[in-house]
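Take a look at the structure below.
Read-outs: derived from the displayed coordinates by stated rules, not from any lab. Being a predicted model, the structure only gives us computed values, none of them experimental. All Cβ positions, glycine included, derive from the backbone under ideal geometry; neighbour counts span all protein chains shown.
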Amino acid sequence: MDSSFQSSGGAAGGHILVVDDEPSVRESVGYALEQEGFQVTLAEDGEDAEGRLSGSEFDLLVLDIMMPGKSGLDICREVRARSAVPIILLTAKDAEVDKVVGLEVGADDYMTKPFSVRELLGRVRAQLRRRELDRTNGSEGTAIETGPVTIDLARHLVSVRGEPINLTRSEFQVLRLLTENPGQVFSRKEIMEELWQTEFRGDVRACDVHISNLRQKLERDPQKPELVLTVRRVGYRFAD
């Protein structure tokens, strides 16, 4: 079992849990994050991760999906039920279904193996930057009301037609972007860059998963959306 990496600069960059059953992956990722000033805790499988999560607070999780016993998807689902901590999943090269399911259960992003550690670092920074902006913007104490949707920015609460709905952090940010600009069309790339707060170079199909999940929660009939609308060959907009 691995011990925690302790950054020489303290935890100024945040505390990150890396879970992967491949020693080479978790060690290299952990070392790279430690060199960037993060405090890093390593876990070798899902059961190990559960113990770590019960004993510490983390600012971000990096989870491998395919592990013996409890999978990264299981952990993601359980964590998301109680926390909005950013989650990045590590997936196999051709595991498209896993990527989609991962986003559906609340992951914020995914990396496909083999991946560049430098790119992973960029995505970690982007997720932490997004989280900090969430906190800053939430302190404004304002609300958005458009059509049947009301968003309490301070408390990260959303209601539709007076009924509260539960959104993941990423779903909340997508909805916020669209409702702040009703009628404006956003491309998939623009939506993902809003989530990342940086240039997006990944698979824009991740945007479609977030939109699909939003429609499941917002629309009377997700197959005939009235609120989150598709603009063919361009992207998406919120009904004005």
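Numbers below:
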| quantity | calculated |
| --- | --- |
| Fully extended contour minus Cα-Cα distance, from residue 205 to residue 239, at 0.36 nm per residue | 10.1 nm |
| For the chain, calculated [θ]222 nm from helices alone, where every DSSP H run of n ≥ 4 adds -39500 (n - 2.57) | -12500 deg cm²/dmol |
| Value in Å of the Kirkwood radius, where the stretch 140-238 supplies the Cα pairs that are averaged | 13.7 Å |
| Label-point separation in nm, residue 28 to residue 70, each point 7 Å along Cα→Cβ | 2.7 nm |
| D (Stokes-Einstein, µm²/s), Kirkwood Cα radius, the chain, 1.567 mPa s at 4 °C | 70 µm²/s |
| At q = 0.23 Å⁻¹, base-10 log of I(q)/I(0) for the stretch 15-134 (Debye sum, equal scatterers on each alpha carbon) | -1.59 |
| Assigned charges on the beta-carbon of Lys, Arg, Asp, Glu; the chain dipole about Cα centre (debye) | 880 debye |
| Residues 214, 167, sorted so that the one with the fewest Cβ neighbours within 10 Å comes first | 167, 214 |
| Estimated FRET transfer efficiency when R0 is 22 angstrom, pair residue 142-residue 216 (beta carbons, to 0.05) | 0.25 |
